[in-house]
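Inspection log for the structure reproduced underneath, given as structure tokens.
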Amino acid sequence: MKIGESAEMYLETILILSKKGDVHAIDIVRAMNFSRPTVSIAIHNLEKEKLLKISEEDHITLEPAGLEIAEKIYERHTVLTEMLVKIGVSEKIAAEDACKMEHDISDETFNCIKNHIQKSK
């Protein structure tokens, strides 16, 4: 399934927040610095796409398809950040640049970068 960068960012944010506990829309608002209405529309659209689920208690959890996308984007973010730091980019800038790159890089290029980093450890 191919989704847009914005949806990928939401799913990645939900994944990261879920590592700390239950996720609610307000947590996403704070993490992404978006308005409540913007987040509400986005999460309901993601729910319609069966990428996440909103419980009766308003807990937001990733469905298997959403979790798969979120984990892929998060892995790209962490590997690209690591690569940029290794070549001398500051941690802050590396994380910011990795966030931009993670959505556009091809699977082939990402896998080559990932393999190169693993071999150099």
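Going by accessible area, probe 1.4 Å, with all protein chains left in place, what is the ranking of Val29, Val89, largest first?
My answer, sorted largest first, is Val89, Val29.
Could you calculate the FRET efficiency of Lys72 with Lys92 from 1/(1 + (r/R0)^6), where r is the beta carbon distance between them and R0 is 22 Å, rounded to 0.05?
Computed FRET efficiency for Lys72 and Lys92 comes out at 0.40.
At what distance in nm do the modelled label points of Met32 and Lys100 sit from each other, each positioned 7 Å from its Cα along Cα→Cβ?
That separation, rounded to one decimal, is 2.0 nm.
Rounded to the nearest 20 Debye, what is the dipole magnitude of segment 62-121 about its Cα centre when Lys and Arg each give +1 and Asp and Glu each give -1 at the C-beta?
360 debye
Which residue, chosen from Ile41, Ala95, Ser120, occupies the Cα position most advanced towards the positive end of the dipole of the chain, where the dipole is computed from +1 (Lys, Arg) and -1 (Asp, Glu) charges on Cβ about the Cα centre?
Ser120
Given the options Ser6, Met83, His24, identify the residue whose Cα lies farthest towards the positive end of the charge dipole of the chain (+1 on Cβ of Lys, Arg; -1 on Cβ of Asp, Glu).
Met83
So how strong a dipole does the chain carry about its Cα centre when Lys and Arg Cβ are +1 and Asp and Glu Cβ are -1, to the nearest 20 debye?
340 debye
Relative contact order (percent) for the chain, with alpha-carbon contacts under 8 angstrom and 6 or more residues of separation?
22 percent
Can you compute the helix-only [θ] at 222 nm over the chain? Use -39500 (n - 2.57) per DSSP H run of at least 4 residues, normalise by all residues, nearest 500 deg cm²/dmol.
-21500 deg cm²/dmol
Are there GluC sites (Glu not before Pro) in segment 19-121 that DSSP puts in a loop and that have at most 15 other Cβ atoms within 10 Å, and which ones?
Glu49, Glu56, Glu57
Heavy-atom accessible area per residue, the chain, 1.4 Å probe: how many Å²?
63 Å²
If I stretch the segment between Asp22 and Val85 completely, what's the gain in nm (0.36 nm per residue apart, minus their alpha carbon distance), one decimal?
19.6 nm
The values are calculated or read from the model by the stated rules, or taken from the named source; none is laboratory data. Predicted model, so just to flag it, every value in this text is computed and none were measured. Please note: Cβ atoms are built from the backbone with ideal geometry, for glycine as well, and neighbour counts cover all protein chains shown. Quick note on the areas: whole protein, heavy atoms, side chains included, nothing else; ligands and nucleic acids left out. Shrake-Rupley method; radii C 1.70, N 1.55, O 1.52, S 1.80 Å.
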